[in-house]
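Data first, discussion second: the structure below is written as structure tokens.
The values are calculated or read from the model by the stated rules, or taken from the named source; none is laboratory data. These numbers come from a predicted model, not from an experiment. Positions of Cβ are generated from backbone atoms using ideal geometry, with glycine treated the same way; all protein chains shown enter the neighbour counts.
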Amino acid sequence: MRPSRCGVLLLLSVVALLSAGCSTGVPAADYDAAVAALDIAEERADAAEAGADELQTRIDALTDERDAALGEVGALEKQLTEMSCGESAQDAWDATWARHERVRLDVPERGALLELAPWMIFPEAPTWLADTTLCSVHLSEDPDGQDSVCIVESPGDDMVITVQESEGLIAMDCRGGSLDYAMTVTTGKNGRIIQQMFTAGEDYAQLEWVGPEGMERFVAIYNGIEYTSYWPANEGEHEPVYKSFVDWLYEVGADGGLIRSEDRPMMMIGLGELRGLPYAGLTLSDAEALKRVAADLVFGVPQGSLL
């Protein structure tokens, strides 16, 4: 970058003064002052050039950031064009119900469970389904994973539900209700559930199964309070575990599920929209069906709608 106009004029003035000094005998003090002024001018010119280089570097960095931002905007615009809006909330609700019922087919002694924990009964469909708008989009084309978002716009409130799926991990995040909710499910070989974690506002719960299949120990933690039990694998062992676990939920104040009743319908609609109907050929062992039930007991939303 060239020096500024003022700098050039200063340099010309200094050169003229030096030339005059050589022909007329300028005093040494004036000569030294002129040389010092020339040195200062050269330093300023060097600083200006360094500043220009730094400015160019910043411009290049900003240009790169702009290009990256434009790329993200383009991707978002593409996703928006692919977003599906106006889907039937009734169909989404029915899909959640179908997944819920399919999982319950494999739950042993189901009647005893529902009697102990009435919040496990699938609720009646809300009357405002026809007045609810759904918008959903898949954000990932990765064959090994799936990210998707659903916006539920009901007459009373709106909710944004995000589901992220990768090998061995499924996560759900819900925003917009009376609380923020998150659920994470970790699976191992053959889809075996290993751990489930839940948050509802400031409340936290974790379910974990430790040990080999068929000999697992069940550990539940709710806001720091722990429950431990043998996980039933044989016929006739389930009802005592139901009672023990439900009694503990009442004791720690987690009965009814962590999801507030006013938020549950929107979450069920969103999950039905994102996950769809149960896939053909779904079969579960008693132990794996019960793990979904345990999640329902604590969280209060059909686990089968997520998995």
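What to note about this one:
- Ile259 closer than 18 Å to Ser305 by Cα, without any contact (Cβ under 8 Å) to a residue 24 or more places away in the chain and surrounded by 13 or more Cβ atoms within 10 Å (Cβ to Cβ): no
- Within the range 196-224, being out of contact with any Ser or Thr (no Cβ under 9 Å at 6 or more places or on another chain), assigned to a loop (DSSP other than H, G, I, E, B) and surrounded by 13 or more Cβ atoms within 10 Å (Cβ to Cβ) holds for one residue alone: Glu216.
- Ser285 fulfils the conditions (1) over 24 Å from the mean Cα position of the chain (by Cα); (2) within 25 Å of Asp94 (Cβ to Cβ) except for a single criterion, (2).
- Residue count for the range 242-273 under the criterion of being of a type in the set (A, V, I, L, M, F, W, C) and in contact with a helix residue (DSSP H, G or I) (Cβ under 8 Å, 6 or more places away or on another chain): the result is 9.
- Meets criteria (over 30 Å from His238 (Cα atoms), at pLDDT below 85, crowded, with 16+ Cβ neighbours inside 10 Å and under 20 Å from the mean Cα position of the chain (by Cα)) for Gln146: yes
- If you go through the range 257-293 and keep only what is among the small types (Gly, Ala, Ser) and over 17 Å from Val137 (Cα atoms), you end up with Gly257, Ser261, Ala280, Gly281, Ser285, Ala287, Ala289.
- Scanning the range 225-255 for residues that are touching a Phe, Trp or Tyr at 6+ places or on another chain (Cβ under 6 Å) and in a loop (DSSP other than H, G, I, E, B), we see that the one that is surrounded by the most Cβ atoms within 10 Å (Cβ to Cβ) is Ala254.
- Exactly one residue among Met159, Met172, Met120 is within 21 Å of Arg99 (Cβ to Cβ), touching a helix residue (DSSP H, G or I) at 6+ places or on another chain (Cβ under 9 Å) and modelled with pLDDT under 90, and that residue is Met120.
- Flag for Gly300 being within 27 Å of Glu167 (Cα to Cα), in contact with a Ser or Thr (Cβ under 7 Å, 6 or more places away or on another chain) and small (Gly, Ala, Ser): no
- Scan of the range 286-307 for residues that are part of a helix (DSSP H, G or I) and either touching a His at 6+ places or on another chain (Cβ under 8 Å) or of a type in the set (Gly, Ala, Ser) (or both), ordered by number: Asp286, Ala287, Ala289, Leu290, Ala294, Ala295, Gly304, Ser305
- Residue within the range 241-261 that is within 22 Å of the chain's Cα centre (by Cα) and charged (D, E, K, R) present: yes
- A search for C-beta distances below 6 Å between a residue of the range 273-291 that is touching a residue at least 12 places away in the same chain (Cβ under 8 Å) and any residue that is hydroxyl-bearing (Ser, Thr, Tyr) and surrounded by 15 or more Cβ atoms within 10 Å (Cβ to Cβ), counting only pairs 6+ apart in sequence or on different chains, returns Glu273/Ser136; Leu274/Ser148; Arg275/Ser305.
- The range 212-233 residues that are without any contact (Cβ under 8 Å) to a residue 40 or more places away in the chain, paired with ones that are among the small types (Gly, Ala, Ser) and part of a loop (DSSP other than H, G, I, E, B) (beta carbon under 6 Å, 6 or more apart): Arg217/Gly211
- Only one entry of Val137, Val103, Val152, Val107 meets the criterion of being in contact (Cβ under 8 Å) with a residue 12 or more places away in the chain and touching a Pro at 6+ places or on another chain (Cβ under 8 Å), and that entry is Val103.
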